[in-house]
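Every number in this text was worked out from the coordinates using simple rules, so none of it is lab data. Please read all numbers here as calculations on a predicted model, not as lab measurements. Cβ atoms come from the backbone with ideal geometry, glycine included; neighbour counts cover every protein chain shown.
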Amino acid sequence: MSVYRDIIKIDENACTGCSLCVPNCPEGALQVIDGKARLVSDLFCDGLGACIGHCPEGAITVEKREAEPYDEKKVMENIIKQGNNTIKAYLEHLKSHGAMDFYNEAIEFLKQRGITVPADLSPASKGHACPGSAVLDFTDTVSQEKETIEPKENRLSQLRHWPVQLMLVPTTAPYFNNAELVITADCVPFSYAGFH
């Protein structure tokens, strides 16, 4: 049975087969085959896009398409074979993307198998999968004072959260509460402080 869901898409013309995406897919959904990165199973792709930021060619995107349903249990069967450090990194990956349904399903799977859940989990530990997509809220660090009239080139960025790419932002991020959403080219907030 197929469903419509988010799943990665690889542009074969842009892919150079560098394989940088492969170790950054905690689910094991990617392999380099015939010199190109390939999605080897829809069952393993959670659609969170952890691999996207590791592709130097920009060959990986997320699209909504008909695919086999993602299967957390099958992913966990692969993850547990790789040991406790991989289990911990994978759980952190899920938390950092706000994928709490998958996270809870993975925890339940571990409990059913009698595998101890790492006690020191953190939402986004450095050195594990997806640190660049960890939810950060800078509201307290950005001055809330009214902006004085200054030349635009002297203005500081008013960016108050990370990530800013819509496909990387978990829907449970606290800065979505009662917020207005502006959609723009993803380079604008970085290159033009006056945009804020």
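Observations on the model:
- Ranked by how many other Cβ atoms sit within 10 Å of their own Cβ, fewest first, the residues Phe102, Phe109, Phe176 fall in the order Phe176, Phe109, Phe102.
- Local net charge near Asp101, Cβ-Cβ under 15 Å (Lys/Arg +1, Asp/Glu -1): -4
- Measuring spread by the Cα atoms of the range 21-115 yields a radius of gyration and Dmax of 13.3, 42 Å.
- Environment charge at Thr86 (Cβ cut-off 14 Å; Lys +1, Arg +1, Asp -1, Glu -1): -1
- Positive contributions from Lys and Arg (+1) and negative ones from Asp and Glu (-1), summed over other residues with Cβ under 13 Å from the Cβ of Asp11, come out at 0.
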